[in-house]
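See below for the structure under consideration.
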Amino acid sequence: MVISKEQIASSNDGQLKKHQSKFDVLRDQLEEKNIDVAYVIDTLRTFQIAIPSWALGTGGTRFGRFPNGGEPVNLEEKMYDIGLLHALNRSSGAISLHIPWDIPEDAAGIRQLADELNLRFDAVNSNTFQDQADQKYSYRYGSLCHTDKAVRDQAIAHNLEVAKYGEELGTNILSIWLSDGAIFPGQHNMRRALQRTEDSLSQIYKGLSEEFEMLIEYKPFEPAFYATVIPDWGTSFLLANKLGKKANTLVDLGHHLPNTNIEQIISTLLAENKLGGFHFNDSKYADDDLTTGSMHPYELFLIFYELVEGLQNQNRSLQDLSWMIDASHNIKDPLEDLLQSVEAIQLALAQALTVDDKKLSDAQQNNDPTIAQEVLQDAFRTDLRPLLAEARLQDDAALDPIAAYRALNVRGALIDERGEDSVATGL
């Protein structure tokens with residue numbers, strides 16, 4: 001299924017007058033605060049969030065999964081689904097692959113399809129947390145940290161193979177997340193496990209081409225509940241620093257213990273020029289993989305403020321980092337959930353771009369926490385949704401993507417096309 005510009009325009013017709021009225025009021029309000037509205041809109045229009053190939057199917061838990069039907073069963077169908085999202089919001093113009101769930105057997109054909117759908121490829125992700133049917137050695141007791149060199153060599157070779165697929169697709173980012181660790185005390189020597197992991201990552205790093213970047217993800221627990229080998233940003237930062245300038249830390253918002261100050265982590269990594277990218281989601285307890293912004297929208301705004309301020313201070317752009325949604329769409333239609341997540345991310349960015357930086361800086365310099373809070377909360381509490389809608393309108397996207405998705409009966413059309421029982425590959 002493909003959504004045409006004519007269908008988008010038709011869905012917008014009945015909303016244009018109401019949108020224009022709301023946008024005019026907001027624009028005047030922002031311009032009174034000396035906010036460059038055109039700059040904010042241009043930034044929103046160029047900011048793209050990658051959609052992972054494994055997120056187009058219904059998520060689940062270890063207890064069960066309840067598919068919606070019409071799920072994509074191969075890479076090409078997944079790309080068409082991302083094309084649908086991008087047609088609706090013009091902010092989902094990148095795809096991130098997980099190998100071996102989505103191996104591009106015909107790289108040239110896949111790149112051609114991506115061009116047709118106005119998509120590019122972001123980071124490629126390796127998988128050494130599962131055993132595949134054709135692999136020789138098991139990752140039951142770890143991969144890059146394993147005591148057996150043969151297992152480590154197998155995992156190293158897999159990562160380099162994933163990078164090769166990335167090169168064929170035109171990306172230069174390899175993302176690595178390890179489930180390696182110990183479930184029980186005494187299961188392994190933690191110091192030696194980290195040393196073996198460092199050595200394995202070093203071999204992967206040396207095997208990458210000069211322009212390739214390695215992103216090292218961390219996670220405090222799960223599936224290793226006692227001691228994950230890379231449990232926090234500090235360990236990831238340590239490894240990235242040892243490896244070299246092409247290695248950076250990847251922050252997954254769900255990979256933190258409760259009450260962790262993620263904004264401060266972002267600030268530190270930016271200061272050290274070691275922040276490589278993000279995986280967006282939200283959580284109540286741990287790595288819940290809920291819709292971005294559904295639980296902690298103010299925290300998401302604060303994170304983006306640190307990003308915007310830090311990148312501007314370094315004369316860097318948002319495009320210097322890798323941005324991706326990493327969520328599990330339990331019970332929701334995956335495409336609707338992704339549309340909501342993209343909206344929440346864009347909204348947090350818009351809020352960060354409309355902070356009165358001078359007033360905030362003066363409050364900080366004068367040690368005035370009351371005014372500092374007022375400045376931040378003023379930007380957060382201002383309803384900027386008409387600004388996002390205007391950015392979409394200027395890009396020929398839907399003023400209200402969810403409403404357009406439902407009006408066009410996209411899920412019904414996908415079920416008619418693919419059947420009630422189609423199930424996407426991945427988790």
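The values are calculated or read from the model by the stated rules, or taken from the named source; none is laboratory data. Bear in mind that the values here come from a model prediction, so they are computed numbers and not experimental data. Reconstructed Cβ throughout: ideal geometry from the backbone, glycine too, with neighbour counts over all protein chains shown.
Observations on the structure shown:
- Scanning region 191-221 for residues that are acidic (Asp, Glu) and within 28 Å of PHE121 (Cα to Cα) gives GLU198, GLU210, GLU211, GLU213, GLU217.
- Exactly one residue out of LEU270, LEU275, LEU257 is touching a strand residue (DSSP E or B) at 6+ places or on another chain (Cβ under 9 Å) and closer than 26 Å to ILE51 by Cα, and it is LEU275.
- Cβ-Cβ distances below 6 Å connect the following pairs, each with a first residue in region 1-22 that is over 23 Å from GLU417 (Cβ atoms), a second residue that is surrounded by 12 or more Cβ atoms within 10 Å (Cβ to Cβ), and a separation of six or more residues or different chains: ASN12/LEU399; GLN15/LEU399; HIS19/ALA389; HIS19/LEU399; LYS22/PRO386.
- Scan of region 236-266 for residues that are within 27 Å of GLU210 (Cα to Cα), among the polar types (S, T, N, Q) and surrounded by fewer than 18 Cβ atoms within 10 Å (Cβ to Cβ), ordered by number: ASN241
- Residue match in region 329-341 (condition: of a type in the set (Gly, Ala, Ser), surrounded by fewer than 21 Cβ atoms within 10 Å (Cβ to Cβ) and in contact (Cβ under 8 Å) with a residue 40 or more places away in the chain): no
- Unique residue being exposed (fewer than 15 other Cβ atoms within 10 Å of the Cβ), at pLDDT 95 or above and part of a helix (DSSP H, G or I) when the list is ASP383, ASP362, ASP396: ASP362
For every residue, the table says whether it meets (1) part of a loop (DSSP other than H, G, I, E, B); (2) touching a helix residue (DSSP H, G or I) at 6+ places or on another chain (Cβ under 7 Å).
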{"residue": "ALA155", "(1), (2)": "no, yes"}
{"residue": "GLY166", "(1), (2)": "no, no"}
{"residue": "PRO185", "(1), (2)": "yes, no"}
{"residue": "ALA193", "(1), (2)": "no, no"}
{"residue": "TYR205", "(1), (2)": "no, yes"}
{"residue": "MET214", "(1), (2)": "no, yes"}
{"residue": "PHE221", "(1), (2)": "yes, no"}
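- Consider region 1-48 and keep the residues that are surrounded by 13 or more Cβ atoms within 10 Å (Cβ to Cβ) and among the basic types (Lys, Arg). The one that is nearest to the chain's Cα centre (by Cα) is ARG45.
- Taken over region 31-88, the criterion of being of a type outside the set (Gly, Ala, Ser), part of a helix (DSSP H, G or I) and in contact with an Asp or Glu (Cβ under 8 Å, 6 or more places away or on another chain) is satisfied by VAL37, ILE41, ARG45, TRP54, LEU75, LYS78.
- Scanning region 328-356 for residues that are touching an Asp or Glu at 6+ places or on another chain (Cβ under 7 Å) and outside any loop (DSSP other than H, G, I, E, B) returns a single hit, LEU335.
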